[in-house]
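Taking it in order: structure first as structure tokens, then the write-up.
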Amino acid sequence: MEHATGSAVETPRQGVSTPEPPPAYRRLDGPVPVRHPPRLEDEARRVRGYLTQGSGALADILGAESPGLSALLVADEDWDGAPRDHERPYPPGLPYFTRSVEPPALVLPERLSPVFWPRTGALLPLAVWHELAHAFLLDREVVRMPVWLGEFVPQAASAAVARRVGVPMEEHLRRVDPNPGFTVRGLASPAGAGEQMKFQNLLLLFGVATLREFGEGFLGQIFRALWDERAVVGGARAEELLADALGPGGREWLRSRPEF
Ligand SMILES: [Zn+2]
């Protein structure tokens, strides 16, 4: 979510703060190991399950190896000390990805901020897979791109994982407002947290529609295209990259979409 500011595509490798989690934190092994405070053992197991499903599915969908990653499930009282790329802590309750530690880490709050919406059973796994998809993309150097494309990619990827592993999304999608009063390209930079959530939810609807129309193969195409891109991606180039990834009819279909 934090990445709706566009920072995800230019995250510096060298962080300004690399604090360790409190020593009392325990470690759950897995493809993405999870460190957690002892009292959050159950939540940590749930998150590890999502990470195991997500890393396997994304590696398969993208035809790419899983990046070396860890996850940190952070207690509310420890939030300000969590590793991050910037001096100031992120607002409480917002998951993020950071390369300020080695291996890079997904930092997940004890509780998602109330701004996360809709509150269904799909919300947490989708949020975890969204951050995981950022981590896959940022495993290689990526140039800057418009916010809508930088956030569309992880939203579509998280929906693709949900389809694969059988997390039902119908109720979640039904509760999303399909007409928030802007299009994904029309919103240069989401203002408040509420608008960012509407923006992300519109991207989720758009991602689900894209998967229905074209299947999941375009995801590997767009990841590879973004890894190959060398110059900053502007608006026209972003549309071209996505249309090419979709294949024949892609551009016309994009132009026909109300979200776009
Ligand atoms: Zn994001």
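Here the Gaussian network model covers the chain, with springs between Cα atoms less than 10 Å apart; of Ala105, Ala236, Ala225, Ala236 fluctuates the most.
When the P(r) of segment 106-179 is calculated, the portion above 16 Å amounts to 55% of the C-alpha pairs. Taking a ≥ b ≥ c as the square roots of the eigenvalues of the Cα gyration tensor, an a/c ratio below 1.5 marks segment 110-260 as rounded. Dividing the convex hull volume of the alpha-carbon atoms in segment 193-260 by its residue count gives 102 Å³ per residue. Mean-square fluctuations from a GNM of the chain, with a 10 angstrom spring cutoff on Cα atoms, peak among Glu216, Glu239, Glu171 at Glu171. If one takes the longest principal axis of the Cα atoms in the chain, at what angle in degrees, from 0 to 90 and to the nearest 10, does the Cα axis of helix 147-165 lie? Approximately 80 degrees, to the nearest ten. Classify segment 71-110: rounded, prolate or oblate, from the alpha-carbon gyration tensor (a ≥ b ≥ c, eigenvalue square roots; a/c under 1.5 rounded; otherwise prolate if a/b is larger than b/c)? Since a/c reaches 1.5 but b/c is at least a/b, the shape of segment 71-110 is classed as oblate. Whole number in Å², please: accessible area per residue of segment 150-202, 1.4 Å probe, ligands, DNA and RNA not counted. Ligands and nucleic acids excluded, the figure is 44 Å² per residue. Across the chain, the mean sequence separation of Cα contacts (distance under 8 Å, 6 or more residues apart), normalised by length, yields a relative contact order of 21 percent. Below 13 angstrom from the Cβ of Glu77, what's the summed charge of the other residues (Lys, Arg +1; Asp, Glu -1)? Local charge sum for Glu77: -2. Among Arg39, Arg163, Arg84, the largest mean-square fluctuation in a Gaussian network model of the chain (Cα springs under 10 Å) belongs to Arg39.
Once the Cα atoms are used to define both axes, helix 193-214 deviates from the longest principal axis of the chain by about 60 degrees.
Normalised by 2.2 N^0.38 Å, where N is the number of residues, the C-alpha radius of gyration of the chain stands at 0.95.
The values are calculated or read from the model by the stated rules, or taken from the named source; none is laboratory data. On a predicted model such as this, the values are computed, not experimentally measured, just so you know. Here Cβ is always computed from backbone atoms with ideal geometry, including for glycine, and neighbour counts include all displayed protein chains. Note: areas computed on protein heavy atoms with side chains; ligands, DNA, RNA excluded. Shrake-Rupley method; radii C 1.70, N 1.55, O 1.52, S 1.80 Å.
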